[in-house]
Amino acid sequence: MRTLCVTSGKGGVGKTTLSVNLGIAMARAGRRVLLLDGDLGLANLNVMLGVIPRFTIQDVVRGQKTLDQIVIQTSYGISLAAGATGIAELADLGEEERENVIRGLEGLRGYDVLIIDTGAGIGDNVVRFVLAADDVLIVTTPHPTALTDAYGIIKTVLTHESRAIKLIVNSVTSIRDARSAADRLTGVTSKFLNGTLECIGYIPFDSLVEKSIMKQQPHLVLHPTSTSAQRMQEAAMRLIGGQVADSKPGLGRFLQKLLGQ
């Protein structure tokens, strides 16, 4: 199982919307997808999907439920592990409790891709998720403050370790602005940081995306023929292109790295 962490330096750039729709696009391509809400302060993947979770990851941390018991099978072909602020307790678990959680997560099988939707910014929890994941996707817009904050998290990650990071420029009003934003970030990353940044797509601004959010239904489901939906589909295919099935217990490996083991 591959783990993909979707993050951003700034809130309001469409990170959660993209996490949901990229997951649906991957599922339509035959991948078995699990979404994990890693926004510790404002868990809202379930809101985007229009579902009300009875249990969350907090129940797993407290030993009241297994991960199997909290996973929700949505009507969109993807599964959801709803988040809660209690996941932050993972960092403070005792050794025995920590091992119990890891074993439980390693037992969860049947998925090809785990998508973690983090909070925005460069907080410790966000960075921990990013460093633990196999693949990292940064979401930004062409707005100067969004680009500055995106560079902030790219710099933070690459300061910890050299790795390849992917980028999507969202809510663009022209290809020229999109390319300028991507070139700016890839240029400074290549020049000043020890790592690589690859832009895998541009998503045009589309008022239909906001309408989908208000209806609490995925954009790819409500408006599949829109240009923005097509660009999301293309980005998802670039993310999974060339990947092969991973027989290792990817979720357990992810949690071990997340917990510093």
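Residue 63 fulfils the conditions (1) at pLDDT 80 or above; (2) assigned to a loop (DSSP other than H, G, I, E, B); (3) out of contact with any Leu (no Cβ under 6 Å at 6 or more places or on another chain) except for a single criterion, (1). Scanning segment 127-151 for residues that are in contact with a Gly (Cβ under 6 Å, 6 or more places away or on another chain) and over 15 Å from residue 178 (Cα atoms) yields 129, 149. With respect to residue 191, is the statement that it is charged (D, E, K, R), farther than 27 Å from residue 46 by Cβ and at pLDDT below 95 true? Taking the combined requirement at face value, the residue satisfies it. Only one residue in 148, 141 is surrounded by fewer than 16 Cβ atoms within 10 Å (Cβ to Cβ), closer than 14 Å to residue 8 by Cα and modelled with pLDDT of 90 or more, so which one is that? Result: 148 is the single residue among 148, 141 that is surrounded by fewer than 16 Cβ atoms within 10 Å (Cβ to Cβ), closer than 14 Å to residue 8 by Cα and modelled with pLDDT of 90 or more. Looking only at residues in segment 20-54 that are in a loop (DSSP other than H, G, I, E, B), surrounded by fewer than 19 Cβ atoms within 10 Å (Cβ to Cβ) and touching a residue at least 24 places away in the same chain (Cβ under 8 Å), the one that is nearest to the chain's Cα centre (by Cα) is 44.
No other residue among 162, 180 is surrounded by fewer than 17 Cβ atoms within 10 Å (Cβ to Cβ) and over 20 Å from the mean Cα position of the chain (by Cα) apart from 180.
Considering only residues in segment 200-241 that are farther than 20 Å from residue 30 by Cβ and touching a His at 6+ places or on another chain (Cβ under 6 Å), the one that is surrounded by the fewest Cβ atoms within 10 Å (Cβ to Cβ) turns out to be 208.
The values are calculated or read from the model by the stated rules, or taken from the named source; none is laboratory data. Values in this document were obtained by computation on a predicted structure and should not be read as measured data. Positions of Cβ are backbone-derived with ideal geometry, glycine not excepted, and every protein chain shown enters the neighbour counts.
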